[in-house]
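We did not get these values from a lab; they are worked out from the coordinates using the rules stated. Computed from a predicted structure; not experimentally measured. We place every Cβ from the backbone using ideal geometry, glycine too, and count neighbours over all the protein chains shown.
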Amino acid sequence: MNFFLIKHILFFLNGIYMVLSLILIGLAAYARLSVYITSVSIVGGIIACGVFLFLLALLGFIGTARHSQAALFFYIVLLFSLFLIQFSVACACLTLSTSDQRTIVEAAWQKSTNATKIDMMRTFQCCGFRRVDLPHDHPMGCPPCHFSELSCCEGDQGRQADCCTGHTNSSIPRTCPCTVTCWSVVEQKLERGIRVTGTVGLFFSLVELAGVWLALQYRHKRDPSIDPNCIF
């Protein structure tokens, strides 16, 4: 392929990576400011991914513009590592069964903080993971559902229900008015979401592999605008 054609394709690919990184950072900041997500670890993880992708694209821009062998080498190594990770995750998403999905989500629920669980219940307007009668200190339990501002906890019955108030020591357990559990909502969306994520991830991983190949070709090509007789 022509030297300048590869150069412009690399500029285009890195431009896409940079735009995607800014979208990631912007969405994470918007979600945090809008109180859609209050967990600092989730927001920090998304922003970290965006910053890494931005720096990788910046390295690609510098290496391509200067035809720097060192910058292109590190760019190829990092981009290929990103390809391996993304390709593996995409293949895993496409091969996950429904039971595997439930096991993974249950494990994530058990390890989640109360703030993360409250975020999830607020987002999906649900109470509890699969059961609402579990104690709040149970691994599969949840914080009092009124923290998630659920409409089912606003009435007289909701203000007295154990699942909304968090009072589990009552001698007369009060029926929980919140009948929608989080798994019943997530189960409907998870299958399609994982398939879409796997397909999109597989597509972008192949784009990254193409970027690695183009960067290798570009790194080993001589810049025709430079007279080789002037080097020595």
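Each helix, a run of at least 4 DSSP H residues, gives -39500 (n - 2.57); summed and divided by the residues of the chain, these come to -23000 deg cm²/dmol at 222 nm.
Based on the Cβ-Cβ distance from ASP133 to PHE74, what FRET efficiency comes out when R0 is 45 Å, to the nearest 0.05?
Details: r = 55 Å, r/R0 = 1.22.
That pair, ASP133 with PHE74, gives E of 0.25.
Taking other C-beta atoms within 10 Å as the exposure proxy, MET140, MET18 rank MET140, MET18 from fewest upward. Against the chain, whose longest principal axis is taken from its Cα atoms, helix 40-66 shows a tilt of about 10°.
Compute the longest continuous run of the chain that contains no exposed GluC sites (Glu not before Pro); treat a site as exposed when its DSSP state is not H, G, I, E or B and it has at most 14 other Cβ atoms within 10 Å. The partial results should precede the final answer.
On the way: sites that count: GLU149, GLU154.
Within the chain, the longest run free of exposed GluC sites (Glu not before Pro) spans 1-148.
Relative to the longest principal axis of the Cα atoms of the chain, the long axis of helix 3-33 makes an angle of roughly 20 degrees. Can you work out the base-10 log of I(q)/I(0) for region 99-183 at q = 0.19, 0.23, 0.26 1/Å, using the Debye formula on its C-alpha atoms alone? For region 99-183 at q = 0.19, 0.23, 0.26 Å⁻¹, log10 I(q)/I(0) is -0.75, -1.07, -1.32. Entry note, the chain: relative contact order of 24 percent, from Cα contacts under 8 Å with a spacing of 6+ residues.
Build a GNM of the chain with springs between Cα atoms under 10 Å: which of HIS67, HIS136, HIS220 gets the top mean-square fluctuation? Between HIS67, HIS136, HIS220, it is HIS220 that shows the largest mean-square fluctuation. Considering only PHE11, LEU55, ALA115, and ranking their Cα positions along the charge dipole of the chain that arises from unit charges at the beta-carbon of Lys, Arg, Asp and Glu, the one farthest toward the positive end is PHE11.
How far, in nm, would the chain grow between ALA107 and SER151 when pulled straight, counting 0.36 nm per residue and subtracting the alpha carbon separation?
Values: separation 44, 0.36 × 44 = 15.84 nm, distance 2.75 nm.
Between ALA107 and SER151, full extension yields 13.1 nm more.
With the simple spin-label model, which puts each label point 7 Å out from Cα in the Cβ direction, the THR95 to VAL19 separation comes to 3.3 nm. In a simple Cβ point-charge model (Lys, Arg +1; Asp, Glu -1; nothing else charged), the chain has a dipole of about 500 debye relative to its Cα centre.
When you restrict to C-alpha pairs under 8 Å that are six or more residues apart and normalise by the size of region 99-183, the relative contact order lands at 30 percent. Would you work out which of THR103, TYR75, SER88 lies farthest towards the positive end of the dipole of the chain, given +1 charges on the beta-carbon of Lys and Arg and -1 on that of Asp and Glu, about the Cα centre? Going by the Cα projections, it comes out as TYR75.
On C-alpha positions alone, give me the angle between the axis of helix 114-124 and the longest principal axis of the chain, in degrees, nearest 10. The answer is roughly 90 degrees.
With each label modelled as a point 7 angstrom along the Cα→C-beta vector, the ARG159-GLU187 pair spans 3.4 nm.
A full extension of the chain between ARG222 and ALA210 corresponds to an added length of 2.3 nm, given 0.36 nm per residue minus the alpha carbon distance.
Modelled this way, with points 7 Å down the Cα-to-C-beta line, the labels at THR199 and LEU84 are 2.9 nm from one another.
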